[in-house]
Amino acid sequence: MHVIIDQDRCLSSGQCVVSAPDVFDQREEDGVVTLIRDDPAEGSVDAVRHAALVCPGRAITVEE
Amino acid sequence: MTATTHSQTNALLDYPAPRATGCPFDPAPALLDKLVHDRLIRVRLSDGTTPWLVTRFDDQRSLLADRRVSADVTRPGYPVPGHGDRGDSMISFILMDDPEHNRLRRMVTAPFTVRRMKQMRPTVQRIVDDQIDLLLAGPNPADLVEGFALPVPSLVICELLGVPYEDHAFFQQNSNQIVRVSSDPSVPRSALARLFGYLDDLVGRMLDDPGDGVLSGLAERVKAGDLTRAEAAQTGVLLLVAGHETTANMIALSTLALFEHPDQLAIVRGSDDPTLINSAVEELLRYLSITQLGRRRVAAEDIEFAGRVIKAGEGIIFPNEIANRDPDAFAEPDRLDLTRDARTHLAFGFGAHQCLGQPLARLELEVALTALNRRIPTLRPAVPLDKINFKHDNEVYGVYELPVTW
């Protein structure tokens, strides 16, 4: 799995961080998404798929 | 207008539609019925306009995230059910499109990150515990709205913004008038103007005498020239109103819904598992979906959808409470099931305008519901359900009072 984020589309809802805290983080100044790693560990792939599903800005793309 | 169109117009569903008597937690039956049969319908608002209404979960998600669907309230065709014009000078970023929306929104997102919410938890816990102490020290029975559900989020948002809680009677009353559906549009407009004046004054004072909190941060942005003072005050009004109206209603209505579902209440009271309370909060958000009157948008260009064309300039309404009862998204959607995975619900909306304060709302609901049930395990209603007054005439659904005993 490969994860791509689009910071311009991010709305800082933080749901990705709640779902997959080992993959997503937020910028201190405005809560915009950052990536801790773009190749999630096997145990996180479901959480990353969920993060992409609930992202209100459609800012997360998952390539499988 | 031809005779045919006229008769079609008469057959349209009036929106908003009423809930059924005796089913206070369920959305309007007329809309639930449409969910089964139609993806896209036309409804008639009180002003005679006939915007579209999107019923289903997947469709609401895709259109609310569609850039051709505008939230700009000044665009002709924007559907304003139950309200008159609020006045252009009072528009916050929730009624704007990008890039302006995003520019203003990102100035207030920092306090709502997951990390900052973790830091905020002890403060919320202290506020909740103090309010329970006060409730227990007061008369029994008591009104849970006045004695707990309203002061908790009010105190939290005051702390976060840097607004003096001593003024709570003033801003609670004006917030109430903003969300209450009035036949006289001057009522919400004047309330909005009073709150704007209040926040503008606070921002002005913080320009000279900065403190802690979001308002002070906005004042800094005004000084730096990133933001006008009016924009700062409008954002303050938005956060103050949204910060306590919604959460207060969710706390009270959730408590009542649990009273009415004793098997589910037993799950909450019998569990120490933090993941259970997280799941319970998501399900209560889905099941109760307290924002009424739908999310409102207008098509910025022609959109082909469900075999029809939504024309540029036509209004579109998204009642999230209906999508949250879509059986294709949630099995047995009319059942309150705290153990289900409800995390995809649309109670906070979807797309660019999804609720900014949702991490705070979740935190407050988790802490408040856990503490209420743990510290007052005998908490129960003091009157039967049919004696409770529900907020049918508000943008935000809930109860006016919730008499409880213990």
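Considering B:PRO274, B:PRO262, which residue is closer than 30 Å to B:TRP406 by Cβ, modelled with pLDDT under 95 and surrounded by fewer than 18 Cβ atoms within 10 Å (Cβ to Cβ)? Working first, answer last.
Details: B:PRO262 fails: modelled with pLDDT under 95.
Every option except B:PRO274 fails the conditions.
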Discussion item. Give me the residue from segment B:263-321 that is in contact (Cβ under 8 Å) with a residue 60 or more places away in the chain and basic (Lys, Arg) and, out of that set, farthest from B:THR74 (Cα to Cα).
Written reply: B:ARG269
Discussion item. Quick check on segment B:340-359. Is at least one of its residues more than 14 Å from chain A (Cβ to nearest Cβ) and either farther than 22 Å from B:ALA252 by Cβ or not in a helix (DSSP H, G or I) (or both)?
Written reply: yes
Discussion item. Condition (residue is more than 24 Å from B:LEU13 (Cβ to Cβ) and either surrounded by fewer than 22 Cβ atoms within 10 Å (Cβ to Cβ) or modelled with pLDDT of 95 or more (or both)) applied to segment B:310-324: is it met by at least one residue?
Written reply: no
Fill in: Subset of segment A:24-57 (residues that are touching a helix residue (DSSP H, G or I) at 6+ places or on another chain (Cβ under 8 Å), facing chain B (nearest Cβ under 8 Å) and within 30 Å of B:VAL69 (Cβ to Cβ))
A:GLN26, A:GLU29, A:ASP30, A:GLY31, A:HIS50, A:VAL54, A:PRO56, A:GLY57
Fill in: Selection count where residues are within 14 Å of chain A (Cβ to nearest Cβ) and either outside any helix (DSSP H, G or I) or not charged (D, E, K, R) (or both), scope segment B:114-133
4
Worksheet entry | Failed criterion for B:GLY138 (all others in (1) under 27 Å from B:LEU199 (Cα atoms); (2) surrounded by fewer than 22 Cβ atoms within 10 Å (Cβ to Cβ); (3) away from every other protein chain (no Cβ under 14 Å); (4) among the small types (Gly, Ala, Ser) hold) | (1)
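Where residues in segment B:278-312 are part of a loop (DSSP other than H, G, I, E, B) and touching a helix residue (DSSP H, G or I) at 6+ places or on another chain (Cβ under 9 Å), which of them is nearest to B:HIS392 (Cα to Cα)?
Looking at residues that are part of a loop (DSSP other than H, G, I, E, B) and touching a helix residue (DSSP H, G or I) at 6+ places or on another chain (Cβ under 9 Å), I get B:GLN292.
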Fill in: Selected residue (only one of B:ALA242, B:ALA248 is touching a Cys at 6+ places or on another chain (Cβ under 9 Å) and buried (at least 19 other Cβ atoms within 10 Å of the Cβ))
B:ALA242
Worksheet item: Given chain A, what strands (runs of 3 or more DSSP E) lie entirely inside it while holding 3 or more residues that are surrounded by 13 or more Cβ atoms within 10 Å (Cβ to Cβ), within 11 Å of the chain's Cα centre (by Cα) and without any contact (Cβ under 8 Å) to a residue 60 or more places away in the chain?
Response: A:24-26, A:33-35
Worksheet item: So, in segment B:198-212, of the ones that are touching a helix residue (DSSP H, G or I) at 6+ places or on another chain (Cβ under 8 Å) and free of Cβ contacts under 8 Å to residues at least 24 places away in the same chain, which residue ends up nearest to B:GLU159 (Cα to Cα)?
Response: B:PRO210
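The values are calculated or read from the model by the stated rules, or taken from the named source; none is laboratory data. This is a predicted model, so every value here is computed, not measured. Ideal geometry is used to build each Cβ from the backbone, glycine not excepted, and the neighbour counts take in all protein chains shown.
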